[in-house]
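Input: a single structure, listed below in structure tokens.
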Amino acid sequence: MLTILKIFEEHGKTIRLLLGVLIGLILGFIIAWGIWPVQWKDATPGHLHPVYQGYYINAVAQEYQQTGRLDVAKHKLGLDLDEKANPWLKEPQTLEEGFAQALAQTESREMVIALGRLAQDLQVNFRPDVTAPEATTTPEAETPPSRSFLGNLLRVLGYLIIALAVAALLYLLYSRWVEKRRAAGQPEEAGLAGAYGRPMEEAVVEGEAAPALRTVSATYREGDDFFNPSFSIEDGTEFLGECGVDISYAIGSGDHKKVTALEIWLFDKSDIKTVTTVLASEYAFRDPTLRAELAAKVASGGELRQMLPNDEVVLETTALRVRATVKGVVYAVSDDLPERSYFKEANVELRAYRR
């Protein structure tokens with residue numbers, strides 16, 4: 001249960017997106033196949049499955065043998081239409097194949113003669129062997145296709161669920177791999193101090209009873225649209241919770257996100273809640289509309305603040321406290337957006353303590 005909560009806390013947005021896509025696909029198939037399915041109009045025998053073509057031609061041949069009405073037979077076979085309406089007229093060999101299928105389904109000499117007579121009068125290149133003895137073994141007809149709507153729907157939905165599950169698993173594995181690489185201290189570009197997830201030296205903070213359980217530094221850089229480092233908080237082998245930094249809000253448009261606010265969060269397993277504080281750019285903090293939207297992202301006792309260098313934010317839960325210090329912030333310059341509206345770089349140091 002705890003593992004599921006951790007996964008949902010880390011990848012809640014992605015999981016909600018995948019669930020939304022899955023629900024949308026299910027509703028789409030139900031509407032398209034069950035409520036408003038495609039309906040054929042003005043279909044001819046040439047559009048039938050080959051097995052049913054054989055049955056149909058046999059029925060027409062039997063009637064023609066009794067009535068001798070060639071015009072009626074042509075009408076029932078759709079041969080009095082144009083090429084667009086009947087595939088048999090556009091591709092005559094398909095009509096020959098239909099007669100062959102009908103012959104394979106015939107069990108009497110009389111029906112073989114009836115098929116031969118109909119084919120001859122219609123000038124179809126089909127000449128059955130009428131000298132064959134009655135009750136001879138005929139090839140088995142192909143099994144008609146299944147028309148079970150529910151069976152087809154369940155099969156398609158099963159494939160979709162499997163594909164989405166595999167995609168979600170691959171995404172989670174990739175996220176874990178990226179996090180481990182960054183936590184291992186991969187080289188960073190020159191810029192603000194502190195690596196993405198690289199542990200800092202432990203230090204005793206004034207006012208705390210003991211050194212931090214975990215001290216890390218995370219640096220956001222413009223263009224990192226998947227910036228969401230998270231760090232577990234442990235005391236020895238005991239897992240206490242997690243903390244991290246995430247993209248909270250972006251403005252403008254372009255090839256990458258223009259991040260105007262980051263959010264710092266703390267998850268405590270002992271009271272099953274996540275405290276979230278939002279750090280906004282100067283522009284977003286002063287704009288009433290953006291400020292209201294960002295305030296809605298604050299959760300469980302967090303706050304909305306302007307991101308200022310050397311500013312410290314404290315997040316507290318029942319058993320944990322995280323001190324988040326803004327080590328540096330650099331604004332991007334753009335001709336399309338206001339000054340000091342989104343970040344080029346921002347570095348935040350997180351120190352986690354037991355309360």
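Tabulated data
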read-out: The lone exception for Asp268 - which of (1) under 30 Å from the mean Cα position of the chain (by Cα); (2) under 17 Å from Arg351 (Cα atoms) it fails; value: (1)
read-out: Candidates Val278, Val216, Val259, Val245, filtered to the one that is buried (at least 20 other Cβ atoms within 10 Å of the Cβ), without any contact (Cβ under 8 Å) to a residue 40 or more places away in the chain and not polar (S, T, N, Q); value: Val278
read-out: Flag if Leu103 is out of contact with any Phe, Trp or Tyr (no Cβ under 7 Å at 6 or more places or on another chain), crowded, with 16+ Cβ neighbours inside 10 Å and among the aliphatic types (A, V, I, L, M); value: yes
read-out: Number of positions in the stretch 227-242 that are in contact (Cβ under 8 Å) with a residue 40 or more places away in the chain and small (Gly, Ala, Ser); value: 2
read-out: Sole exception among (1) of a type in the set (Lys, Arg); (2) over 30 Å from Arg155 (Cβ atoms); (3) modelled with pLDDT of 70 or more; (4) loosely packed, with under 14 Cβ neighbours inside 10 Å for Lys13, by number; value: (3)
read-out: All strands (runs of 3 or more DSSP E) inside the stretch 293-355 with 1 or more residues being farther than 17 Å from Tyr283 by Cβ and of a type in the set (A, V, I, L, M, F, W, C); value: 312-316, 320-331, 343-354
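The values are calculated or read from the model by the stated rules, or taken from the named source; none is laboratory data. In this text the structure is predicted, and so the values were computed from the model without any measurement. With ideal geometry, Cβ positions are generated from the backbone for all residues, glycine too; neighbour counts draw on all protein chains shown.
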